[in-house]
């Protein structure tokens, strides 16, 4: 018994040491675990059949046939296509032109666009880099305090984790729902089911409040230290046309609201909504990138949008079910019309893809979607080997015992788990923590009586704060990499501090008022 | 179809794999005898990279198929109240194919996440040694273990030409299960290629990897 626990702890320590070498995280987690499993088998401390189940685990319901996670590559595709079509740039330009005239306006623009981009891509690095490249130079040119500018950009970039439809929330939902069913098995309770929709609903209020806090802070600075964020003093570019605003701001907003609305209202499960989102991104990108040389393609794309709307209407006008015995003439017409609308939709989708391909954006977008998806799922594979071996040694019981022995009862246990995740957040990505740490600490915490959704939201807020905390915060790394040389690293670090304060306020708010995270999910559950 | 044919074919492939084992040593040979071996090493890693490129193309096709199949599922069930198991299985197949075929390309293009805290301080040579150690101690063991552990189950699946458990499902579950060894073999091959590149860089026969990759690579989620 003692030997097994020693091996489990040594494996954890070795993994952390090996991770610091800078080799691929996924392979390090899996490889170190495998080496320890082999040692364990040699010493008779590890059940060998467990290791033989590796391939069936990979092809089973937790990885290759995981229906929850199908939404992940779809949202990634949606994000990279929007990124490739320069929707992000458009958003930022329009928002800063609209808001630039007031004090702190560029700051508000960055926060709002960060929230929107977050909702559309959910990729911290991409959002931070885009905003640093576009917004930071113009903020500095207008004599913004570099600390305020970089702090706002880094903080807004991390919003992508908490504002739905964030990719990491989907991964977190998968991990937490597994933990919840484990906990339920121990407690002898058929209780909790945690779906992606629940987490999206739970994260919505805290996410919006966080945006509100950021905006309020910038307003406060604009009021007390006007010189830190002056309004635009000169503007040599032509005024914005209504078309630009509707198209650049309205269209992405509509797409995001439609996807989110469909999930939260329960019309469509996340996977289905994600595929609509990806299709919408293709259509938008097709319209955005097409120019006068290809006249027919944009009209095809518009026809596709019309087709989509038509399907929604027709379904409510007619009984379109083809499976029923007798179909009335009216319904036959309805079915015919819907088939035409469906065909239009798919033709338009093909036109969108054609435009993307013509502008040499399709293949790079697909390639980077494949890269990001493979990255995520290789970590899932590595982490599942790690968890398998850690469990084989009984490491999960050790973690549970340590948490239950924590001083201060269940709140002490929660605090310890949160602190550990916060520190791990310095050098591990959200994904790794979700796949490795969450399955270990969540079941005991749920058994102690914490609500799974509330726990997940707290963890998401906690990790988001970790990514913002100097010296190791991920967002700050990305920002440093993309920021011009004359911005001092010390300024970036100091700029982040007020926003960390806001994060902590938010964490305390959610911790003390669980309804902030659990009220909306309880509504949608009905 | 003759049910004996596939296991025979599988055994043949396995022996082919075993015969290719000396290739694992090539990166180490490059370290010792760079001049003699680089004539084999350079074309070999280029070939492997190209093969991985084909797998990437397959993964990209799977990505587009994923969107299209999932949309068909959505429209059919939302508008017409129709759903077929084989259609939802196509979605799953496209989903899994995307990352099982794409993982090796992500390895080639350095798109897998690393911990970047100490890495910049190691210097070019240090990073290449880490790469070599990682490939031999971590990547190869995982993939070989996957191949070995999956052999029996896969042979059974091919002998039965195992199909979906549902009656209206796809009859090709054995192909889906084959994605795991395909993934392992692609990763091993790409591992050999990366090890060759690291060894060639260490001996000065290949230009150092550029460190200017802020946008494409590692933007975590």
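The values are calculated or read from the model by the stated rules, or taken from the named source; none is laboratory data. Computed from a predicted model, the values in this text were never measured in an experiment. FYI the Cβ positions are ideal-geometry reconstructions off the backbone, even for glycines, and counts take in every protein chain you see.
Below are the figures for this structure:
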{"item": "Residue within the range A:176-195 that is crowded, with 24+ Cβ neighbours inside 10 Å, assigned to a helix (DSSP H, G or I) and modelled with pLDDT of 90 or more present", "result": "yes"}
{"item": "Filter pass, residue A:303 being more than 12 Å from chain B (Cβ to nearest Cβ), in contact with a helix residue (DSSP H, G or I) (Cβ under 9 Å, 6 or more places away or on another chain), under 22 Å from residue B:70 (Cβ atoms) and buried (at least 16 other Cβ atoms within 10 Å of the Cβ)", "result": "yes"}
{"item": "Total residues in the range A:363-380, condition surrounded by fewer than 24 Cβ atoms within 10 Å (Cβ to Cβ) and free of Cβ contacts under 8 Å to residues at least 40 places away in the same chain", "result": "2"}
{"item": "Hey, residue A:22 over 25 Å from residue B:115 (Cβ atoms), free of Cβ contacts under 8 Å to residues at least 40 places away in the same chain and part of a loop (DSSP other than H, G, I, E, B) or not", "result": "no"}
{"item": "Residues satisfying the stated conditions in the range B:164-182, i.e. touching a helix residue (DSSP H, G or I) at 6+ places or on another chain (Cβ under 6 Å), surrounded by 15 or more Cβ atoms within 10 Å (Cβ to Cβ) and not in a helix (DSSP H, G or I)", "result": "B:164, B:169, B:170"}
{"item": "Within the range A:36-86, helices (runs of 4 or more DSSP H) holding 2 or more residues that are on the phi < 0 side of the Ramachandran plot and more than 9 Å from chain B (Cβ to nearest Cβ)", "result": "A:48-52, A:71-84"}
{"item": "Odd one out for residue A:6 among (1) surrounded by 24 or more Cβ atoms within 10 Å (Cβ to Cβ); (2) without any contact (Cβ under 8 Å) to a residue 40 or more places away in the chain", "result": "(1)"}
{"item": "Options B:43, B:34, B:7, B:22: the member that is more than 30 Å from residue B:159 (Cα to Cα), surrounded by fewer than 18 Cβ atoms within 10 Å (Cβ to Cβ) and in contact (Cβ under 8 Å) with a residue 24 or more places away in the chain", "result": "B:34"}
{"item": "Selection from the range B:20-40 of residues that are in a helix (DSSP H, G or I) and closer than 19 Å to residue B:185 by Cα", "result": "B:21, B:22, B:23, B:24, B:25, B:26, B:27"}
{"item": "Among residues of the range B:56-84, those that are touching a helix residue (DSSP H, G or I) at 6+ places or on another chain (Cβ under 6 Å), assigned to a helix (DSSP H, G or I) and within 7 Å of another protein chain (Cβ to nearest Cβ), counted", "result": "11"}
{"item": "Where a residue in the range B:138-158 is farther than 22 Å from residue A:383 by Cα and within 9 Å of chain A (Cβ to nearest Cβ) and its partner, wherever it lies, is in a helix (DSSP H, G or I) and modelled with pLDDT of 90 or more, with Cβ under 7 Å and at least six apart", "result": "B:154/B:177; B:154/B:178; B:154/B:181"}
{"item": "Single unsatisfied condition, residue A:291 versus (1) more than 10 Å from every other protein chain (Cβ to nearest Cβ); (2) part of a helix (DSSP H, G or I)", "result": "(2)"}
{"item": "Residue satisfying condition, being more than 18 Å from residue A:54 (Cβ to Cβ), touching a residue at least 24 places away in the same chain (Cβ under 8 Å) and within 17 Å of the chain's Cα centre (by Cα), within set B:108, B:114", "result": "B:108"}
{"item": "Test: residue in the range B:178-196 that is away from chain A (no Cβ under 11 Å) and closer than 21 Å to residue B:86 by Cβ", "result": "no"}
